[in-house]
Amino acid sequence: MDVDQVLAVSREVLATEAQALLDARERLSGAFPRVVRLILERCPPGRVVVMGVGKSGHVGNKIAATLASTGTPAFFVHPTEAGHGDLGMLTAHDVVLAISYSGRSDELLRLIPYFKRNAIPLICLAGQGDSPLASHADFWIDGRVDKEACPLGLAPTSSTTLALALGDALAICLLRLRGFTPEDFAVTHPHGTLGRRLLVTVGDIMLKGPETPAVRPETSIRAALVEMSRGGIGITAITDADGRILGIFTDGDLRRTLDRNVDIRATSVGEVMSPRPAIMRAGQLAVEAVELMERNKVGALLVEDENRRLVGALNMRIVLRAGVV
């Protein structure tokens, strides 16, 4: 195929699958809200146990992951493994979501007696409402498509796209009904960008205790520079005898001091410090520290306790290394 043919086929695939989604939107019925209500009422303490074979299994894995990450406990169990002991993972509180376009998957059909015997509700996502699986299910989610994007009509394409979209619809309905927030999402995604933004505190990443560069106000500028170099963050705090913050001396303060031809051996750092440094508490979010530094146009800040005593320091490099921004 030449370039134009490739583009034409690709556009046809996208149009076919998009039409399948639009058709399914118009067919959504009262069964879907009842499924949502069932899951909302049972999970937790129950879980949504998603099952499927082949491509439906791959789709099921994704649906289970989306449900779990948006506040609905869920996991995927392969039907074959279920029949060899993994049914022991299920409890009487759970709900099963079985995915099979034909609704005739033997691996799933053989598990129906177990679901019935243990009163575990069965939701079927299938392309035929009169299929054996749908007929035995408590609820049928209509996953019909008029046409697969595969020109042979064999490879699941439109049908798997629709199944994924219906799983997303289910997850988002549940998310909204639970009042699931970005903070809730961050709890289950601590390694993601949002998790770092909403969970990492200043205290988690700051220089602490003896690591924090600090000098007394009577210290010479030269000695303060030695302390700045030891700290490695381009600043030193200025504190009184009790460790309370009096000010800060930064690389910028040093440049301004040198421009004035000040004798760095004879002049105390207290004479040239900035008396109003950016200050935060250890329990505040690291992303708030970024906002404060940007707002004050500074590259570092000090961290105090409730008595204004120095407990740490932070600069933008530390924040970037922590992946908060």
All but one of (1) modelled with pLDDT under 95; (2) within 28 Å of Glu107 (Cβ to Cβ); (3) surrounded by 15 or more Cβ atoms within 10 Å (Cβ to Cβ) hold for Pro45, so report the exception by its number. (3)
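Could you please find all residues in the stretch 278-321 being of a type in the set (Gly, Ala, Ser), surrounded by 15 or more Cβ atoms within 10 Å (Cβ to Cβ) and touching a residue at least 40 places away in the same chain (Cβ under 8 Å)?
Hits for the stretch 278-321 are Ala282, Ala286, Ala289, Gly299, Ala300, Gly312, Ala313.
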Number of the exception - Thr201 against (1) touching a strand residue (DSSP E or B) at 6+ places or on another chain (Cβ under 8 Å); (2) surrounded by 15 or more Cβ atoms within 10 Å (Cβ to Cβ); (3) at pLDDT 85 or above: (3)
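What number of residues in the stretch 233-275 are within 18 Å of Leu302 (Cα to Cα), part of a strand (DSSP E or B) and either over 45 Å from the mean Cα position of the chain (by Cα) or not hydrophobic (A, V, I, L, M, F, W, C) (or both)?
Final tally of qualifying residues: 6.
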Every residue from the stretch 53-101 that is of a type in the set (S, T, N, Q) and in contact with a strand residue (DSSP E or B) (Cβ under 7 Å, 6 or more places away or on another chain): Ser56, Asn61, Thr72, Ser100
Looking at the stretch 94-147 only, could you name the residues that are free of Cβ contacts under 8 Å to residues at least 24 places away in the same chain and either buried (at least 21 other Cβ atoms within 10 Å of the Cβ) or within 17 Å of Phe76 (Cβ to Cβ) (or both)? Phe115
Scanning the stretch 206-232 for residues that are part of a loop (DSSP other than H, G, I, E, B) and touching a Pro at 6+ places or on another chain (Cβ under 9 Å) gives Gly232
For the stretch 121-156, which positions are of a type in the set (A, V, I, L, M, F, W, C) and either in a helix (DSSP H, G or I) or in contact with an Asp or Glu (Cβ under 6 Å, 6 or more places away or on another chain) (or both)? Leu122, Leu133, Ala134, Ala149
Could you tell me whether Val50 is in contact (Cβ under 8 Å) with a residue 24 or more places away in the chain, within 26 Å of the chain's Cα centre (by Cα) and not in a helix (DSSP H, G or I)? yes
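The values are calculated or read from the model by the stated rules, or taken from the named source; none is laboratory data. This one's a predicted model, so the numbers in the text were calculated from it and none came from an experiment. Neighbour counts are summed over all protein chains in view; Cβ atoms, including those assigned to glycine, are modelled from backbone coordinates with ideal geometry.
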